[in-house]
Amino acid sequence: MPIKCVSPDYVMKLYIETFGCQMNVLDSQLVEGSLARDGYTKVSTPDEADLILYNTCSVRDRAEEKVRSRLGRIRGLKESRPDLVIGILGCMAQRESGKLLSAWPHVDLVCGTRELHRVPELVREIQESRRPAKATDIRADFVFDTMPRPGVDGPLAYVSVMRGCDNVCSFCVVPRTRGRENSKPLQAVVDELKGLIDQGVKEVMLLGQNINSYGKGLPGEPDLADLLAALDPIPGLERIRFVTSNPWDMTEKLFRAMEELPTVCEYLHFPFQSGSDRILESMRRDYTANDYLRLVDRARALVPTIELATDIIVGYPGEDDEDFEATVRMVREVEFLQAYIFKYSVRPGTTAVRLGDPVPIPTKKSRNRILLEIQDEITLRKRKEKVGQTEQVLVEGPSKKVPEIFSGRTRQNHLAVFPPDGTVPGDLVDVLVADCTPRVLRGEVCSR
Ligand code: SAH
Ligand code: F3S
């Protein structure tokens with residue numbers, strides 16, 4: 001046992017930092033909740049902590065670089081306090097596994113994406129034995145229900161409904177870090193949601209690496225549309241969103257569910273990655289630019305108020321000016337509300353490794369900048385169209401930048417800011433939009 005536990009009054013302190021996607025944010029909450037059962041409270045700096053955890057991302061090298069830099073920085077802490085426990089969780093832990101322990105002798109714990117429920121037990125083991133521990137079985141079924149949340153904070157919550165990815169996109173490390181697809185049983189999602197609503201949650205974001213293939217392998221093979229239909233009638237639930245959907249698993253049934261179920265927001269995160277068929281083929285994305293455009297047409301025909309967001313990679317190996325132009329055309333033609341644009345980063349273990357990284361960094365940067373500028377124009381135009389209109393907003397609370405102003409989102413995922421005017425987080429209000437910036441709509445509450 002660590003010396004500090006000898007005093008019954010001593011409260012063990014946890015510092016946890018999260019990198020990457022929403023799934024990681026949720027995973028960190030679950031780890032925090034499990035450690036709270038062992039008496040840990042969260043602190044805001046590594047200096048005060050008895051346990052330091054980094055929940056990591058491997059999607060691009062930069063994300064891993066940040067973790068390496070953090071590990072370098074806290075080396076001194078461990079030297080002065082040998083009872084400190086340092087752990088690496090999540091994708092990078094999964095990818096590098098035991099190598100992390102040899103590369104960073106001050107790291108005690110390496111726990112991959114599928115065994116996070118074991119963190120408390122492993123930390124105890126390390127404290128008792130003073131030996132490092134590793135849990136990185138990629139074949140383990142994710143244990144969905146054993147990890148409690150630390151309690152909800154506000155009206156929004158993430159719920160993971162499937163994990164892993166069975167696809168083989170050439171650039172993507174996720175199938176190697178998160179393993180095979182594994183869906184949470186439908187009734188278990190319903191029960192989890194009911195519990196969250198009892199604690200004041202009004203809007204849920206359903207998470208899955210490949211969410212529109214939800215249900216594979218479950219009894220009766222329910223699909224995502226079935227799950228949405230089961231969640232929609234739950235009393236007190238106002239809104240559902242879900243990420244991330246892949247083009248090849250998109251069905252008419254799902255579009256219809258989005259239109260017909262009142263709680264499901266008309267917003268779809270729908271990565272296309274590249275507008276060039278040649279590049280899409282090399283990426284092993286199972287659609288052409290035209291297939292994608294046809295899906296967008298169907299989405300807009302069946303869900304007339306839908307807004308789309310997307311992910312794009314620039315500088316993928318072999319991407320020439322013509323390929324890039326095809327991506328530009330796609331962005332202009334579809335008119336997304338948001339586009340997340342990434343510069344290609346070689347990931348070890350992916351099939352694209354053999355293609356090298358031939359596109360020069362300045363070319364990647366300039367393609368990135370060009371797309372950002374085009375997208376910003378489109379986003380601003382879409383925000384301007386909202387000026388003078390009334391939008392339903394779910395109040396989230398004080399905005400990050402100006403706490404006297406409240407923020408929230410519209411159903412189509414525009415960020416809106418407004419004076420609180422007596423509203424409280426969780427209220428559904430109508431906001432009259434007075435003006436906008438490229439980032440937000442500004443307005444006033446006009447009815448609630
Ligand atoms: N479907 C997954 C996608 C994870 S990666 C999920 O939602 O969890 C998120 C985005 O990062 C991808 O859509 C892709 O645009 C980008 N990305 C993935 N691998 C990349 C790489 N090697 N280089 C640059 N961007 C990458
Ligand atoms: Fe990655 Fe493609 Fe799956 S982007 S998460 S391998 S759908």
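The values are calculated or read from the model by the stated rules, or taken from the named source; none is laboratory data. In this text the structure is predicted, and so the values were computed from the model without any measurement. FYI the Cβ positions are ideal-geometry reconstructions off the backbone, even for glycines, and counts take in every protein chain you see. To get the accessible areas, we keep the full protein, side chains included, count just its heavy atoms, and leave off ligands, DNA and RNA. Shrake-Rupley method; radii C 1.70, N 1.55, O 1.52, S 1.80 Å.
Values computed for the structure shown
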| read-out | value |
| --- | --- |
| Approximate spin-label separation R448-K216, in nm, with each point projected 7 Å along Cα-to-Cβ | 4.5 nm |
| For the range 121-233: rounded, prolate or oblate by the Cα gyration tensor [a/c cutoff 1.5] | oblate |
| Rounded accessible area of V59 (nearest 10 Å², 1.4 Å probe) | 60 Å² |
| Rounded, prolate or oblate (a/c below 1.5 giving rounded, otherwise prolate when a/b exceeds b/c) for the range 58-210 by Cα gyration tensor | prolate |
| Computed accessible area, F418, all protein chains, 1.4 angstrom probe, square angstrom | 0 Å² |
| Cα-based reach from K99 at 15 Å (exclusive), listing aspartates and glutamates while leaving out same-chain residues under 8 positions away | E64, D108, D137 |
| Rough spin-label spacing in nm, given labels placed 7 Å along Cα→Cβ, for D232 and L432 | 3.3 nm |
| Value of [θ]222 nm, deg cm²/dmol, for the chain, DSSP H segments ≥ 4, -39500 (n - 2.57) each, nearest 500 | -10500 deg cm²/dmol |
| Within the chain, percent of DSSP bridges classed antiparallel, to nearest 5 | 35 percent |
| Where trypsin sites (Lys or Arg not before Pro) fall in DSSP loop in the range 132-168, at most 10 other Cβ within 10 Å | R139 |
| Residue-normalised accessible area of the range 390-447, expressed per residue, 1.4 Å probe, Å² | 47 Å² |
| Residue order for V331, V440, V11 - accessible surface, 1.4 angstrom probe, largest first | V11, V440, V331 |
| More than 34 Å apart - percent of Cα-Cα pairs taken over the chain | 38 percent |
| Candidate residues R300, R114, R256: accessible-area rank, largest first, probe 1.4 Å | R256, R300, R114 |
| Area accessible to solvent at K343, 1.4 Å probe radius, in Å² | 80 Å² |
| Share of Cα-Cα pairs in the range 390-447 lying beyond 19 Å, as whole percent | 12 percent |
| Value of relative contact order over the range 13-135, rounded to a whole percent, pairs C-alpha under 8 Å and six or more apart | 23 percent |
| Sites matching trypsin sites (Lys or Arg not before Pro) across the range 360-447 that sit in DSSP coil, with at most 16 neighbouring C-beta atoms within 10 Å | K400, K401, R439 |
| Charge context of L302, other residues only, Cβ under 9 angstrom, K/R +1, D/E -1 | +1 |
| 5 angstrom amide H check on V264, placed H, neighbours 5+ away | I240 |
| Using θ = phi - 60° and Karplus 6.51 cos²θ - 1.76 cosθ + 1.60, couplings along the range 397-405 (whole Hz; Gly, Pro as x) | x, x, 6, 5, 7, 10, x, 6, 9 |
| Cα centroid separation, the range 342-376 to the range 36-86 (Å) | 30 Å |
| Surface share of carbon and sulfur [accessible, 1.4 angstrom probe, percent] for the chain | 51 percent |
| Within straight-line cross-link reach of K364, lysines at Cα separation under 25 Å, skipping those fewer than 8 residues along the same chain | K66, K343 |
| Candidate lysines - alpha carbon under 16 Å from K202, same-chain residues fewer than 8 apart omitted | K194 |
